[in-house]
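*Asks:* This is the structure, below, for whatever I ask next.
The values are calculated or read from the model by the stated rules, or taken from the named source; none is laboratory data. A quick note: this is a predicted structure, and the numbers were derived from the prediction, not measured. With ideal geometry, Cβ positions are generated from the backbone for all residues, glycine too; neighbour counts draw on all protein chains shown. Just so you know, the surface numbers come from the protein's heavy atoms only, side chains and all, with ligands and any DNA or RNA stripped out. Shrake-Rupley method; radii C 1.70, N 1.55, O 1.52, S 1.80 Å.
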Amino acid sequence: MISLKRIRNNPDEFRAAVSQKGESIDAGRILQLDEEIRKIIQEVESLKAEKNRASDEIGTLRKAGEDADNLMGEMKSLSATIKTRDAALKDSRKELDELLRWVPNFPHPSVPIGADESANVEVRTWGEPPDMDFEPADHLELGRSLGIFDFERSSKISGSGFPLFMGKGATLERALINFMIEHHTGRGYSEIFPPFLASRDAIEATGQLPKLEEDMYLVMEDDLFLIPTAEVPVTNIHRDEILSHDQLPIRYVAYSACFRREAGSYGRETRGLLRVHQFNKVELVKFVEAENSYDELESLTEDAESILQALGIHYRVVSLSSGDLSFAATKCYDLEVWAPGEKRWLEVSSCSIFESFQARRANIRYRNKKGKLEFVHTLNGSGVATPRLMVALLESFQTEEGTVMMPEALQPYTGFSVLK
């Protein structure tokens, strides 16, 4: 959530940020309500002071045995006016609070300005595309020939968009998760195994609600959502807490299944593992002091990159444009791997900073070195998601014979060096 004071003091920045994020927010109404509320508060305080003065005078007159009827009438009139203005204040605050829920985080000045992904900027690349002297198969062809996943049978269980890994495919999926968890704990992250269901308050705290409710799975009887990412439960670990500066930075790594209803409207991207309703992901979450949060974003991105480097997968880092940023993020780097069979880049990680946006919603604060309370800055990044990583791995390390060589770093987790 954006501080109302920041909106009030920087209305031009507010309007520009909303426009850059491509959101439809009635900025004028928010500023109008803020002004109205402050005027009503001043008016009510003045009326209450007048009522107290009248009450004191009534007491004085009664002690003197004098008539106080006129003042009594005045006090009743003041009470009625205060009641009316308090009701107006309550209504205005309710409307303002609802509008503020829809205000996105402001893009950082370093973010490229643009309406969509076409304005994203490539920051760097790592490695080289695989050198193949044959036409590479895509992951669906490889998956079918190797018998490692079965989308036809999975559709009988849950419908389309829910992968079913079989045999060594299941082993490889589990191996990737275990490898990534151990890799990140070795880099200083503490492991968390979170719940896969979250309350409405928890999901609103991280910024998925109210904007993305239609994209989420809801258990209506309990008003609980299947989590879209481990970011939600892990960020809420410290909700309504006050941390000390010497606890920061806090770094968590968590595996979770992730559930999203977004598949079905992306055409070719719905093929196989490219975009699914359920997938596995290892998530990195940080709670840091405001003064060095952007340095923490760079190191978070490097931590996510280190997975791809350890596996030897060609990738690039892209800085997202303002119109491609998530609702809650102020800056984000995407990691995109090269998939030879698909002949394109595939996003496997988003590393984002939210500044105090999530912390304000979740009321997560800390005492700085001077003892002053501040909101922490939160960050998270996929470290990484498995579906498109699996695509790039299968397609990058395939052989002309249709087998897939396992990266050396992964072999202790798979128990085999060749998928055949």
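*Asks:* Does PRO210 satisfy the condition of being in contact (Cβ under 8 Å) with a residue 60 or more places away in the chain, open to solvent by 10 Å² or more (accessible area, probe 1.4 Å) and in a loop (DSSP other than H, G, I, E, B)?
*Replies:* Spelling it out, PRO210 is indeed in contact (Cβ under 8 Å) with a residue 60 or more places away in the chain, open to solvent by 10 Å² or more (accessible area, probe 1.4 Å) and in a loop (DSSP other than H, G, I, E, B).
*Asks:* State yes or no: is LYS286 surrounded by fewer than 17 Cβ atoms within 10 Å (Cβ to Cβ) and farther than 30 Å from GLU141 by Cβ?
*Replies:* No: the conditions fail for LYS286.
*Asks:* Exactly one of (1) open to solvent by 20 Å² or more (accessible area, probe 1.4 Å); (2) over 20 Å from LEU140 (Cα atoms) is unmet by GLY383. Its number?
*Replies:* So GLY383 meets the others, but not (1).
*Asks:* Which condition number does SER417 fail, the rest of (1) surrounded by fewer than 14 Cβ atoms within 10 Å (Cβ to Cβ); (2) within 26 Å of LYS5 (Cα to Cα); (3) in contact with a helix residue (DSSP H, G or I) (Cβ under 6 Å, 6 or more places away or on another chain) being met?
*Replies:* Only one criterion is unmet by SER417, namely (2).
*Asks:* Right, next: Within the bounds of segment 215-227, is there any residue that is touching a strand residue (DSSP E or B) at 6+ places or on another chain (Cβ under 6 Å), in a helix (DSSP H, G or I) and free of Cβ contacts under 8 Å to residues at least 60 places away in the same chain?
*Replies:* The answer is no, given that none of the residues of segment 215-227 is touching a strand residue (DSSP E or B) at 6+ places or on another chain (Cβ under 6 Å), in a helix (DSSP H, G or I) and free of Cβ contacts under 8 Å to residues at least 60 places away in the same chain.
*Asks:* Then there's this: Which of the residues spanning segment 111-150 are crowded, with 17+ Cβ neighbours inside 10 Å and assigned to a helix (DSSP H, G or I)?
*Replies:* Within segment 111-150, HIS139, LEU140, LEU142, GLY143, LEU146 meet the criteria.
*Asks:* Another question about this same structure. Count, please, the residues in segment 342-376 that happen to be within 12 Å of the chain's Cα centre (by Cα) and on the phi > 0 side of the Ramachandran plot.
*Replies:* Matching residues across segment 342-376 total 1.
*Asks:* Report, ordered by the first and then the second residue, all pairs with beta carbons closer than 6 Å, sequence separation of six or more or different chains, a first member in segment 137-163 that is of a type in the set (Ser, Thr, Tyr), and a second member that is surrounded by fewer than 19 Cβ atoms within 10 Å (Cβ to Cβ) and assigned to a loop (DSSP other than H, G, I, E, B).
*Replies:* These pairs meet every condition: SER145/GLY402; SER154/PHE162; SER154/LEU164.
*Asks:* Pick from segment 20-55 the residues that are under 29 Å from SER110 (Cα atoms) and polar (S, T, N, Q): which of them is most open to solvent (accessible area, probe 1.4 Å)?
*Replies:* SER24
*Asks:* Could you go through segment 185-203 and let me know if any residue there is of a type in the set (Ser, Thr, Tyr), under 19 Å from PHE259 (Cα atoms), under 16 Å from the mean Cα position of the chain (by Cα) and open to solvent by less than 40 Å² (accessible area, probe 1.4 Å).
*Replies:* No, the conditions are met nowhere in segment 185-203.
*Asks:* Step by step: first the residues of segment 151-165, then only those that are in a loop (DSSP other than H, G, I, E, B) and buried (at least 16 other Cβ atoms within 10 Å of the Cβ), then the one that is farthest from the chain's Cα centre (by Cα). Which residue is that?
*Replies:* Restricting to residues being in a loop (DSSP other than H, G, I, E, B) and buried (at least 16 other Cβ atoms within 10 Å of the Cβ), the top hit is LEU164.
*Asks:* Might you check whether a residue that is at pLDDT below 95, open to solvent by 70 Å² or more (accessible area, probe 1.4 Å) and under 30 Å from GLN32 (Cα atoms) occurs anywhere in segment 58-76?
*Replies:* Within segment 58-76 (the criterion being at pLDDT below 95, open to solvent by 70 Å² or more (accessible area, probe 1.4 Å) and under 30 Å from GLN32 (Cα atoms)), the answer is no, since none of the residues qualifies.
*Asks:* Need at least 1 residues that are touching an Asp or Glu at 6+ places or on another chain (Cβ under 9 Å) per element, so show me which strands (runs of 3 or more DSSP E) inside segment 241-347 make the cut, counting only ones lying wholly within it.
*Replies:* Filter on segment 241-347 gives 250-259, 278-288, 315-319, 331-339.
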